[in-house]
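In what follows, a single structure is set out as structure tokens and then discussed.
The values are calculated or read from the model by the stated rules, or taken from the named source; none is laboratory data. Note that the structure is predicted; figures quoted are calculated from it, not measured. Ideal geometry is used to build each Cβ from the backbone, glycine not excepted, and the neighbour counts take in all protein chains shown. The protein model used for the area step is the full one, side chains on, heavy atoms only, and it has no ligands, DNA or RNA in it. Shrake-Rupley method; radii C 1.70, N 1.55, O 1.52, S 1.80 Å.
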Amino acid sequence: MAEFLQRPSRGKRFCFTGGSLYASAEVPIRFPKKSRRNIVRQPSGDGAHAKRSTRVRLRPRADWRKRNFLTSVLIPSLFVKRSGHHVPPQFPKIREGEICITWIGHASFLIQTHEVNILIDPNWSKWLKVIKRLKRPGFEIHHLPSIDFVLVTHAHFDHLDRRTLRRVAADQPIAVPIGVGNLVHDLGFQIVHELDYWQTVELGPLKISLTPCHHWGARFLADLHRDFGGFVIAVDGRTIFHCGDSAYFPGFKDIGERYKIDIALLPIGAYEAPSGREVHMNPEEAVRAFLELGAKTLVPMHYGTFRLGFEPLHEPPKRLLACARAHGIEESVLVMTEGEPVVL
């Protein structure tokens with residue numbers, strides 16, 4: 001069955017079928033909002049074993065010492081004034097073969113090609129429940145161009161923000177890991193693609209693949225059925241890898257062997273986790289992951305927006321650049337500013 005997408009701000013309808021893109025005058029197929037018939041899951045492949053082996057363990061790391069996150073981080077953060085400012089973005093004209101990346105903040109990115117606009121883990125919320133956003137998004141949500149596709153890496157509140165997704169949804173497809181579809185199926189997306197590890201879905205000119213990571217995906221304590229991962233986006237001969245959330249694990253080498261990655265968006269913050277578990281990479285591990293991926297450009301993310309660990313907000317990029325300099329790859333690191341598009 002063909003998938004239809006309406007792009008309201010441009011007044012066009014496009015049909016995606018078999019990976020091809022063409023104009024269509026047909027009316028999009030509508031699904032009842034409460035129905036789950038618009039969730040599409042591919043047949044299970046060889047990813048089941050990898051899923052079990054990449055979930056983080058509950059045991060704290062050996063050198064962990066208990067500290068009070070509430071009194072030393074959470075409460076003081078409530079009195080910190082939000083930094084950053086909103087400036088209407090100047091999105092450049094993008095030629096074929098070029099990729100434009102705009103960091104919105106935390107793990108949220110706008111990826112643009114000459115044909116399509118993709119949002120990954122969009123989050124414009126000022127709070128994660130009781131955790132205050134300390135850096136404003138790079139621009140207001142109403143400054144977004146029309147969005148063709150949305151990708152969400154896992155169900156954690158800092159990556160899957162239902163309020164933001166509801167505002168973004170405009171009858172376009174969304175891709176998520178298996179078990180996450182029921183969190184987004186009623187928000188206004190035309191179709192929800194649930195992917196297992198290494199599975200690929202073709203959305204217009206894009207090939208979207210879900211990769212393993214070393215993390216966990218429960219939105220609440222009991223829903224351990226939800227998967228988690230990163231996305232490889234292939235378009236116009238270019239490949240972008242958004243890692244999602246991950247601690248370091250040997251799977252980065254496997255990802256690099258399967259895909260020729262140009263741009264790697266890797267997390268570098270929240271490594272001093274309150275629980276003491278190794279759930280996020282530190283900057284030195286991000287450099288190691290980048291080298292094992294064999295990517296050309298490293299774009300750091302997942303720092304400076306929400307204080308989710310004990311480390312200071314300014315520490316991750318400094319450590320990243322110092323480590324990159326020691327490995328002779330400083331020129332391969334692109335530290336972005338929220339709201340400023342960069343064409344690569």
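Normalised per residue, the accessible area of the range 167-274 is 27 Å², obtained with a 1.4 Å probe and no contribution from ligands, DNA or RNA. Extension gain for K318 to R41 (0.36 nm times residue separation, less C-alpha to C-alpha distance): 95.6 nm. Can you classify the range 208-344 as rounded, prolate or oblate using the Cα gyration tensor, where a ≥ b ≥ c are the square roots of its eigenvalues, rounded means a/c under 1.5, and otherwise it's prolate if a/b beats b/c and oblate if not? Oblate, since a/c reaches 1.5 and b/c is not below a/b.
Could you pull out which residues in the range 121-143 have an amide N less than 20 Å from a spot 7 Å beyond the Cα of N68, following the Cα-Cβ vector? Counting backbone N atoms under 20 Å from the label point, the list is 130-132. Distance between the 7 Å Cα→Cβ label points at S275 and V80: 2.2 nm. Amide H to amide H distances under 5 Å link F109 with I104, I120, where only residues 5 or more positions off or on other chains count and H is placed in the peptide plane. Over the range 87-126, accessible surface divided per residue gives 34 Å², non-protein components excluded, 1.4 Å probe.
Backbone phi angles across the range 186-202, fed through the Karplus curve with coefficients 6.51, -1.76 and 1.60 (θ = phi - 60°), yield HN-Hα couplings of 9, 9, x, 8, 6, 8, 10, 9, 9, 10, 8, 4, 6, 7, 10, 10, 9 Hz in residue order; Gly and Pro are listed as x.
Each other residue within a Cβ distance under 12 Å of P205 adds +1 if Lys or Arg and -1 if Asp or Glu, for a net charge of -3. Measuring between alpha carbons in the structure, the pairs from K81/K318; K260/K296; K253/K318; K66/K126; K81/K135; K81/K132 lying more than 18 angstrom apart are K81/K318; K253/K318; K66/K126. Across the range 110-118, coupling constants 3J(HN,Hα) worked out from phi with the 6.51/-1.76/1.60 Karplus curve, θ = phi - 60°, read 9, 10, 10, 10, 6, 10, 9, 10, 10 Hz, and Gly and Pro carry x.
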